[in-house]
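Nothing in this text is a laboratory measurement; each read-out follows from the coordinates by a stated rule. Quick caveat: nothing in here was measured; it's all calculated off a predicted structure. As a convention, Cβ positions derive from the backbone with ideal geometry for all residues, glycine included, and neighbour counts pool all protein chains shown.
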2 protein chains.
Amino acid sequence: MAAPIDFYFDFGSPYGYLASLRVDDVAAKHGREVIWRPMLLGAVFKTEGTQPLSLYPLKGVYFKHDCFRTARRLGVPFMLPGNFPPNTITAQRAYYWLRGNDPDKAKTFARAIYHAYFGEGRDVTQAEVVVGIAAAEGDVDSDDVMAAVQDQAVKDMLREATDNAIARGVFGSPFIVVDGEAFWGNDRLDEVDEWLGTGGW
Amino acid sequence: MAAPIDFYFDFGSPYGYLASLRVDDVAAKHGREVIWRPMLLGAVFKTEGTQPLSLYPLKGVYFKHDCFRTARRLGVPFMLPGNFPPNTITAQRAYYWLRGNDPDKAKTFARAIYHAYFGEGRDVTQAEVVVGIAAAEGDVDSDDVMAAVQDQAVKDMLREATDNAIARGVFGSPFIVVDGEAFWGNDRLDEVDEWLGTGGW
């Protein structure tokens, strides 16, 4: 089987959410798996000298309109909760801890976090919410998750994941790497599909 | 006939160049015309607090690779001259002056400027180069063009065009507005096509 695709994203990224709904299907069409790699977009932005989209005066207005428009086009639920952009550090730590036990369940957890926030407007910045979703979707004990997200080793996993993303050139979310070829943005998923099908151009 | 589409761009924008090669064809499929509206992207970036893509450490690397990749996909000539990002103020003034005489010839001139820079690597920051292209493509006298690009009334046209773009929410190039609906980026041209065909979603 050909090498897996890397899917870099932040749980607080609307375009990451939209891409998360399709990326595995796109890859599966071509016999590929996808490794989900959440990273701290705030740290990425700091390195790059950029900010969350919502903070730019004109791009921020466009981006909000465009997210809703793109979600309508895809026929998927979407909302932008009042606390956007959210602090996703706890959810991302929980992901890496779950992934150490079971990568498939970690991905199920990731989908559930995205749906909870952008689909239902739940406050996934709260540790209790993250722990509840992790326990339900990851089939793990709540106390174990709560301990894990405060564990230095787990914190280090997320920091390393973020450092590795930056070292690989990731500057936004979603950011997809196929055989060393990088594609930035949900609106490049069709191009990823074409690249996988043709082997590139 | 339905209202024309607005195509905002800067002559120094690679993605603007790539979109310029297709935007009129996309519009014509749906019986629409396109008004080309060059504007000073530097002024837009200043308002927005952003920079030319090439100045961002990671996005700059990606963007250079992606422009060449996109040009290969479209099968069009592309290069990034050493003076990128170029100062396009003279070329853009010449455009607005030509447009006052003949909008079609102004568009022909715009295509020629884009091709000269991104297709052939000519230095379109030089007034002599701009004047030569304007005289040839716009069927006007060289001395008249040279006088025009230094004329305060023509300078004001470009400044007003830039102010109007910002007032309309333009924060990058290309930026396409269809019946009040904005689409940013060359990679949204297929979506513009779909929007024109369906009336939106």
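A few notes on this one:
- Radius 11 Å from Cβ of B:GLN51, net charge of other residues (Lys, Arg +1; Asp, Glu -1): 0
- What separates the Cα centres of segment A:90-165 and segment B:86-100 is a distance of 54 Å.
- Approximate spin-label separation A:VAL61-A:LYS29, in nm, with each point projected 7 Å along Cα-to-Cβ: 3.6 nm
- Looking down the axis that turns chain B into chain A, the chain B residue with its beta carbon nearest that axis, and the gap rounded to whole angstrom, comes out as B:ASP187, 3.
- Note on the protein assembly as shown: Cα Rg divided by 2.2 N^0.38 Å, N the number of residues, gives 1.09.
- Using a 7 Å projection from Cα along Cα-to-Cβ, the label point at B:GLN126 is separated from the same position in the remaining copies by 6.7 nm, smallest value first.
- Given +1 at the Cβ of Lys and Arg, -1 at the Cβ of Asp and Glu and no other charges, the dipole of chain B around its Cα centre is 640 debye to the nearest 20.
- Pairwise centroid distance, computed over Cα atoms, of segment B:167-193 with segment B:1-23, Å: 9 Å
- Using a 7 Å Cα-to-Cβ projection, B:ALA167 label spacings across copies, nm, ascending: 5.1
- Pairs beyond 25 Å (Cα-Cα), from A:LYS64/B:LYS155; A:LYS105/A:LYS155; A:LYS155/B:LYS64; A:LYS105/B:LYS59: A:LYS64/B:LYS155; A:LYS155/B:LYS64; A:LYS105/B:LYS59
- What you get for segment B:106-192, charging only the Cβ of Lys and Arg (+1) and of Asp and Glu (-1), is a dipole of about 200 debye around the Cα centre.
- Cα convex hull of chain B, projected area averaged across orientations, nm²: 11.2 nm²
- Taking segment B:5-198 and dividing mean pair separation by its residue count, relative contact order in percent (alpha carbons under 8 Å, at least six apart): 33 percent
- Nm distances between copies for A:LYS155, ranked from closest, using label points 7 Å along Cα→Cβ: 5.7
- Distance between modelled label sites at B:VAL76 and A:GLU160, nm, 7 Å Cα→Cβ extension: 4.5 nm
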